[in-house]
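FYI, it's all coordinate maths here, none of it is from the lab. What you see is a predicted model, and the numbers here were worked out from it, not measured in a lab. Neighbour counts run over all protein chains shown; Cβ positions are idealised from the backbone, glycine included.
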Amino acid sequence: MNIDDLTIGQAKELSSLFGAGKSASTSRIYDSIIGEYVIVRSRNEGVNAGVVVAADETGIILADARRLHAHTPADESLSWYEGVALSGLSSDSRASAAVGKGIIEDYSWTKCTSQAEKSIRGHISHEQR
């Protein structure tokens, strides 16, 4: 076989045999959050919470996603959205109604505790001011 005579399809097949493209560890990272309730932070979409349906390096898809417009942790000794991921939302926090959402940009995710998930899912929806 002359490498110079390979078709694009043959080159792709060959590269997949040697693990080119997505690394196994990257794939496992994304696969590990499928079905989890998380808080996602991104540049344009802000802070959202929901169940991960799909995720990769290009974006994330959430079911039952709620945008957290103003988020204060229920436990006042905690801070930021990481505190919300641990203890849930305070009564003065503001969240949207739940929708399906795709975030196609760089993002970070933080896994929620079951207590936080229950709090966020049960939080009253607020109108936009």
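Amide H of residue 89 versus every other amide H placed in the peptide plane: which residues, excluding those fewer than 5 positions away on the same chain, fall under 5 Å?
Result for residue 89 returns 74, 120.
With r defined as the distance between the Cβ atoms of residue 125 and residue 54 and R0 fixed at 25 Å, what FRET efficiency is calculated, to the nearest 0.05?
0.50
Cut-off 20 Å, label point 7 angstrom out along Cα-to-Cβ of residue 70: give me the residues of segment 109-129 whose amide nitrogen falls inside.
Residues passing the 20 Å test: 119-129.
Report Rg/Rh for segment 24-129, rounded to two decimals, where Rg is the Cα radius of gyration and Rh the Kirkwood radius.
Answer for segment 24-129: 0.96.
Taking the Cβ of residue 48 as the center, what net charge do the other residues with Cβ under 10 Å away carry, scoring Lys and Arg +1 and Asp and Glu -1?
+3
Quick one: compute the contact order of segment 42-113, relative version, from alpha carbon pairs under 8 angstrom and 6+ residues apart, as a percent.
Value for segment 42-113: 35 percent.
How would 89, 68, 78 line up from fewest to most surrounding beta-carbon atoms within 10 angstrom?
Going from least to most buried by this count: 78, 68, 89.
Can you give the FRET efficiency to the nearest 0.05 for residue 114 and residue 77, using r as the Cβ-Cβ distance and R₀ = 25 Å?
Result of the calculation: an efficiency of 0.80.
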